[in-house]
Structure formats: structure tokens, C-alpha cells
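Have a look at this one before I ask anything.
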Amino acid sequence: MILALGLMATVPPSVAVPVALLLDLVCSAGRWIGAYRGFHQPVGYRLIAGMLLAVPIGTPRSG
């Protein structure tokens, strides 16, 4: 997120933060295979299911 702070000197935050996050995602691509191999499936799938249920519940609704 340090990159986002630097980018905000030249572009608005609505552009700087997504750019910084995408660059972080691309730069970590080499670690994805190792993370997949170390994935503990029984616990991991429960965590993913809980996250998918909790995100819509915790998202504020406009109106």
C-alpha cells in the first residue's frame, strides 16, 4: 500500500488503490503454486464457504 500512497500524489485514490492492488496480485503470482500445494482442504473450504456467506451479510445496504 506504500505504492498507493505514492501514486496518490499524481492520481486520485480511486485509481491509485486498484492499481496498487493489481500490481501486488501480479507480483505474487509466483507464490500461488506453493500456496495451492500447502492448502489444507478441509479447513480451507470451510473458511471459504464462511467468507462467501459472511460478505453479503456484512455488506451495508443503501437505501
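To the nearest 10 degrees, how steep is helix 41-58 against the longest Cα principal axis of the chain, on a 0 to 90 scale?
Computed tilt is about 50 degrees.
As an exercise, identify the trypsin sites (Lys or Arg not before Pro) in the chain lying in DSSP coil whose Cβ has no more than 12 other Cβ atoms within 10 Å.
When the trypsin sites (Lys or Arg not before Pro) of the chain are filtered for loop state and at most 12 Cβ neighbours within 10 Å, R61 remain.
Identify the residues of region 17-34 with backbone N under 18 Å of a label point that sits 7 angstrom from the Cα of V55 along the Cα-to-Cβ direction, or state none.
From region 17-34, the list is 18-19, 21-26.
According to a simple spin-label model (label point 7 Å from Cα along Cα-to-Cβ), what is the distance in nm between L21 and R46?
For R46 paired with L21, the spin-label model returns 2.8 nm.
With a 1.4 Å probe and all protein chains left in place, how much of the accessible area of the chain comes from carbon and sulfur atoms, in whole percent?
72 percent
In whole Hz, with x marking every Gly and Pro, tabulate ³J(HN,Hα) for region 16-21 from phi via Karplus 6.51 cos²θ - 1.76 cosθ + 1.60, θ = phi - 60°.
These are the phi-based 3J(HN,Hα) values: 5, 5, x, 4, 5, 5 Hz.
Take the alpha carbon gyration tensor of the chain, find the square roots of its eigenvalues, order them as a ≥ b ≥ c, and report rounded if a/c is under 1.5; if not, report prolate when a/b exceeds b/c, else oblate.
oblate
The values are calculated or read from the model by the stated rules, or taken from the named source; none is laboratory data. Since the model is a prediction, treat every value here as computed from it, not as a measurement. Note that each Cβ is placed from the backbone with ideal geometry, even for glycine, and that neighbours are counted across all protein chains shown. Note: areas computed on protein heavy atoms with side chains; ligands, DNA, RNA excluded. Shrake-Rupley method; radii C 1.70, N 1.55, O 1.52, S 1.80 Å.
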